[in-house]
Structures are given as C-alpha cells and as structure tokens.
Amino acid sequence: MKDLPSDFRPDPELGAALRSALEPKDDHAAFVARVMARYDQALDRATIPTLDVLASWFRPGIAAAAAALIAGFLIGRAVLTPAPASFDAALAPLEGPGLAALVTAQDPPDASVVFTSLVEQR
Amino acid sequence: MGSSEDDAALVASTVAGDRAAFGVLVERYAGQARRVARAVLGDPDDADDAAQDGFLSALVKLAQYDARRPFGPWLMRIVANAATDRRRRRNVRRAEPLDASLVGGGPRPDAIAVRSELGERLRAALKELPERRRTAVVLFDVEGYSHAEIAGILGIPEGTVRSEVFHARRRLRTLLADWKEEAR
C-alpha cells in the first residue's frame, strides 16, 4: 500500500458525510443529563468492594498461604534435622571387638580382623 | 474540543469531587463518544448505552489518567472498549448482506431525501467494514485524531491504523462518488 499525501490528513468531504451519518438524533442535553444521573451510583459502586474484588483477593490469599506453608516446612526440616558430624568425628576409631583385637594382638592381624575393624568405623 | 490544559484542570476538579466539572467534560465529549460508539455498534441506542458506560467507567478511573497526555484519546479508548464489550455481550454483530437498494440501482431519490439516503448508504457501508477499520476511519476523518493517537486508542501499531484508514476510505470514497454521480 502506498500512502498518498492526502492519507495523512483528514478528508473533509468524507468526514462531513460520515459525521452526518453517525450524528445522534436524540437531544445532546438529554444524553448529558442521562450520564450525570448515574454519577453518584457509579462512584458508589466503585468504592464498595464487590464480589469481583473479593474474588480477586482470594487467589493471592491462597498463594500467600501456600508460600507460608512451604516456608514453614523448610524451616522446620532445617531445625529438626541433626547437624552432620564433623570430619574428625567421622574418622575417629570406634570402640568394638574388632578394634580391640587388632590393638591387643601379639601376632600380625588376620585380614578378617582388619576388615571388621574398618567396617565398624563406618 | 477544549484544550489539553483545560481538560486536565476539569479532570483534577472531578477527582477532587466536583460534579459540575465532570458535567463539562461529558458535555464536551458526548457527541464524539456517541459517534465513535455508533461506528463500533451501528445501532444508535446501543451506541448511547456504550457511550454512557464509557463516561461512567472513565469517571471511576479518572485518578489513573495521566494529565500530561491529551484527555480525548484516553476517553475514546475507554468508550471504544465499552462499545466493543457491549457488542460482544449482545452479539450484535451480524453479517447482514447489504440491501441492494442501498448499494445502488434503486430508484433515484427526490431532493428532500438525498441527504438521508447518503447517510443510510454510509451507515450500511460502515457496517460492512470490519469493526477496527470503521472505528479507525471515523476517528481519523470525523474526529480528527492522528494515526498515532488512534493507534493508542485501538491498541494497534500505527502502520496498521494507516492501512485500516486507507482501506476504509477506498470503500467509502467509491460509495460517495457513486452517490454523487447518481445525484447529478
């Protein structure tokens, strides 16, 4: 489509014809009075929360409650879960028959004793 | 139409609770709002209902109006939306074929009825156009809004407005030329 220079300006002839075709027949003043008659009603309706407004609050409310529940669950889990043992504590030898046998034996230990002591440390 | 500063002052007074100021705005824009609504809806009674809805909707939204911008396009956007909503709700859009006598070929009108017949033909031709196209041409050629302002009112790109006005004018100018030819 190529714009003609006249395409950037209103066409007075067409505009006048269209205006005449669309001009309301009723009294202008009557229309103004009709709008103004509903002035107070429109403002009242705007200030009273309607069901629509309450419904619009409902969804964010549900979302906020769900978010609070998830946050509570995560915090609770963090508080109740025991802290992991330190590295030294994890490697410290534990008491047990395997370990005692290994320490007190006169002879070199049997492979099964070494294995048992290692398993007990875990 | 009043100046932008004047409109902004009236809006400020209305927001402050001045009922008379809103009355001046309604008085000032009633004709335009009714024509734009009629361009969307076709039916004059539906159009007046939509224009009224638009004014009252604008009244409760006035606090959102940016006074640095012209008031007319802001109001016309609300009116056009009110008209479109009403059309959707009532399903008033009917793909009615044009009456053959309105398109042409009917009896030659007498001098008294000439003007009214042109109006009938134009309304029928407008009804044939897609809603956006007829609203755009009315806003441009009747109400004098710029392409950019119409783009803001209809929520479409400026290039689309130019295209819609172009196509609407082509159809309506043909009809106007035919009518003038017949009237000779």
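The values are calculated or read from the model by the stated rules, or taken from the named source; none is laboratory data. Fair warning: this is a prediction, and the values are worked out from it, not measured in the lab. Note: ideal-geometry Cβ built from the backbone for every residue, glycine included; neighbour counts use all protein chains shown. Note: accessible area is taken over every heavy atom of the protein model, side chains too, but ligands, DNA and RNA are not part of it. Shrake-Rupley method; radii C 1.70, N 1.55, O 1.52, S 1.80 Å.
Listing for the model above:
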read-out: All positions within region B:30-89 that are under 14 Å from the mean Cα position of the chain (by Cα), in contact (Cβ under 8 Å) with a residue 60 or more places away in the chain and part of a helix (DSSP H, G or I); value: B:GLN32, B:ARG35, B:VAL36, B:ALA39, B:VAL40, B:GLY72, B:PRO73, B:MET76, B:ARG77, B:ALA80
read-out: Residues within region A:9-32 that are part of a helix (DSSP H, G or I) and not hydroxyl-bearing (Ser, Thr, Tyr), tallied; value: 15
read-out: Only one of B:ARG173, B:ARG169 that is open to solvent by 40 Å² or more (accessible area, probe 1.4 Å), within 10 Å of another protein chain (Cβ to nearest Cβ), farther than 21 Å from B:PRO70 by Cβ and assigned to a helix (DSSP H, G or I); value: B:ARG173
read-out: Flag for B:VAL40 being out of contact with any Pro (no Cβ under 8 Å at 6 or more places or on another chain), more than 9 Å from chain A (Cβ to nearest Cβ), under 18 Å from B:ASN81 (Cβ atoms) and not polar (S, T, N, Q); value: yes
